[in-house]
Every structure is written in C-alpha cells, then in structure tokens.
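The next block holds one structure in the form of structure tokens; read it before the comments.
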Amino acid sequence: MFQLEHTRTMFQLEHFVRTMLCPSPAGWRMLPSSNVLAAPHFASAAYALASVLAWGTSDFLGGYATRRANAFLFAVVFNLGGLALAATVAAAIHAPFPSTRTILWVLAGGMFGGAAVAIFFRALSQGRMGVTAPIAAVLGAAIPTLFSIFTEGLPGKLPIFGFVVASLGLWLITRTQPGEGIDEDGGRPAGIGLAVLAGLGFACFYLCIRQAGDASVFWIAALSRTGGLVVTGVVVLVGGNFRDITSAGVRWAVLTGCIDSLGTILFVRASQTGRLDEAVVISSLYPAVTVLLARLFLKEHFTRWRFVGLLAALAAVPMIASG
C-alpha cells in the first residue's frame, strides 16, 4: 500500500512539473507581431516575475558570501549545485535530451553567464549591492531587448510604455546618493566597472538561450551550468586558488546555485512562451529584490527615490505583460 501511494505521489509530481515547466504547444496562439507562440494570458510574465524573486535572492546571497571567498571558486561550487539540481530533475521526469544545435548554444550561453555571474558576485562584494546590481541588470536587458525588437518587430504601445517605466524604475533604484558606494579616494562607486562587464555577459547569455529554442527547460538549465562550470573552473585552475573558501561558503554556494538555477528555469520558460524582450525586461527587475534584502539584512541606505523606483518597476510588469 505504501509503495502504491509513493508511486502515485511521484506520478503526480512528475505530471505537475511537466505541465508547469515543460513546453506544451496545445492551446497556444500566434502573436500577431511575430512567429512566437504565446501561452495563455500573462503566463510568460508570471514565469519572468517568479525568476525575479529567485535571481534577486541568489544575487544577494552570492554577493554577501563572496565577501569572504574567492568569487570564481565560489562560482565553481555555485555551478555544481545548480547543475546537480537541474540535471536531477531532468532525469527524474525523463525530459528529452536537446539536439546538438541546442547544446552548443546553451553551452556558449552558460560560459558567458558563468563568467558574468562570477564577475557580478565580485562587483556585489566590492560595492554596495543597491548600486552595482541595477547597472548589470539594465545593461544586460538593453541589448537583448533591442535585438528582439529588431527580429520580432515592435510590441504594442502599452508594452513599449512598460519598457520605459521599467527602465525609469531601474534608473531610480540605481541612482547613487552623495557619498554612497564611493571609493576612499573620492572616485566613482566601487564595483561599477565589474558590473558593466557582468551586464554584457548577461546579455550574451540571454541571446544564446533564446537560440536554444523549445528544448527542456531543465536540460537547458543543466547545460548552462555546465558551460559556467567550465569557464570558472579554468580560471580557478589557472590561478591555482583552491582553498579560499570555507565550508560555510561551500554550503552557501550550493544553495545559491540551486536558487539561481530555479531562476534560470523560470526565465527560459518565460522566453519560450512569449517575446524575448518582454521576458528579459521583466526578469531584469531582480535588483529590486537584491536591494530590498540588502536593506533588510545589511541595513544599506534606502532612499525615497529608490522606493519610487521599486513602485515603477512593479507597475511596469502588467503593462509589459499586456502585449
């Protein structure tokens, strides 16, 4: 009896995962401005918004943990944790393995994304999270958005207005106050240069993942972590730094990698069920979560303008999703 109930429970779990996160074209309609398949109303936005929570949380944890660990060594363990989670789920539900073309695109995206994550964690650990996180997000979103508009055509007027409101919100969140995050010599805010590099890497990640098509989101997440593991592992091997992380740091890295992989799975699902620009712009609002967590746990300064920026970012989501 127990074995029967266990089997039934596993079947129900597998059915739920397949239904919620695996492509299923039945009942979809064609977007009028492109050849992209669209899920039921607001489904893509819901996936993208969920990825915001996952990515914002993982960035906060990673940025905090790498203050006491080598960023690339942390990223190696981070990628191992995410790879283990995604591959385990993919194997458990018997998700079909992607084609060679998809594998190559995802591995390339994973390499860009893996390097970007390590650089981004370093930027977060050097400067204030509320300053560096939005810069990487804005730059990472701008390039794929322009690419999507060029290849898929302009979205509706309301989604375009939503893009503007989201950009304004992120700018307000990014807005540096006097003395905030400034280096001791009075120069520019710490970590800004690294945040720009990370943003470029994130943009390449988004574009490569889009080229992967409608393959299993779990295999895409697993393969992207494999690409990230390769590039960060090479950096660590060349540098010969294998001990600059504590046992607690390893645990935080595994947890952060699992949460980040969940965000990747949700983002891939959002991009598969809607336009790339809409999925990217909404997903790029994750700094709002990072900023809020930094305010709650690290007591970072939170201005009135940042609060307005957060409200603008939230207001932009339904506008973008309306397309």
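The values are calculated or read from the model by the stated rules, or taken from the named source; none is laboratory data. As the structure is a computational prediction, the values presented were derived from the model and not from experiment. Glycine also receives a Cβ, built like all others from the backbone with ideal geometry; neighbour counts cover every protein chain displayed.
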Seminar exercise, completed: Counting only residues in the range 96-121 that are touching a Phe, Trp or Tyr at 6+ places or on another chain (Cβ under 7 Å), farther than 18 Å from Cys258 by Cβ and of a type in the set (Gly, Ala, Ser), the one modelled with the lowest pLDDT is identified as Ala116
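Given the condition more than 22 Å from Leu61 (Cβ to Cβ) and buried (at least 21 other Cβ atoms within 10 Å of the Cβ), answer yes or no: does some residue in the range 221-233 qualify? Lay out the reasoning, then the answer.
Our first condition is that a residue be more than 22 Å from Leu61 (Cβ to Cβ); within the range 221-233, this holds for 223, 230.
Next, from what is left, pick out any that are buried (at least 21 other Cβ atoms within 10 Å of the Cβ): 223.
Scanning the range 221-233 turns up at least one residue that is more than 22 Å from Leu61 (Cβ to Cβ) and buried (at least 21 other Cβ atoms within 10 Å of the Cβ).
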Exercise. Here are Ala248, Ala315: which of them is without any contact (Cβ under 8 Å) to a residue 60 or more places away in the chain, assigned to a helix (DSSP H, G or I) and either surrounded by fewer than 21 Cβ atoms within 10 Å (Cβ to Cβ) or not polar (S, T, N, Q) (or both)?
Worked result: Ala248
For this session: Output the residue which, of all residues in the range 204-245 that are of a type in the set (Lys, Arg) and in contact (Cβ under 8 Å) with a residue 12 or more places away in the chain, is nearest to Ala142 (Cα to Cα).
Result: Arg210
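Looking only at the range 194-219, which residues are in a helix (DSSP H, G or I), of a type outside the set (Phe, Trp, Tyr), closer than 17 Å to Leu262 by Cβ and more than 13 Å from the chain's Cα centre (by Cα)? Walk me through how you get there before you give the answer.
So the first thing to find is which residues in the range 194-219 are in a helix (DSSP H, G or I), and the list is 194-211, 217-219.
Of the ones still in play, those that are also of a type outside the set (Phe, Trp, Tyr) are 194-201, 203-204, 207-211, 217.
Imposing the further condition that a residue be closer than 17 Å to Leu262 by Cβ reduces the set to 209, 217.
The answer is Val217, and nothing else.
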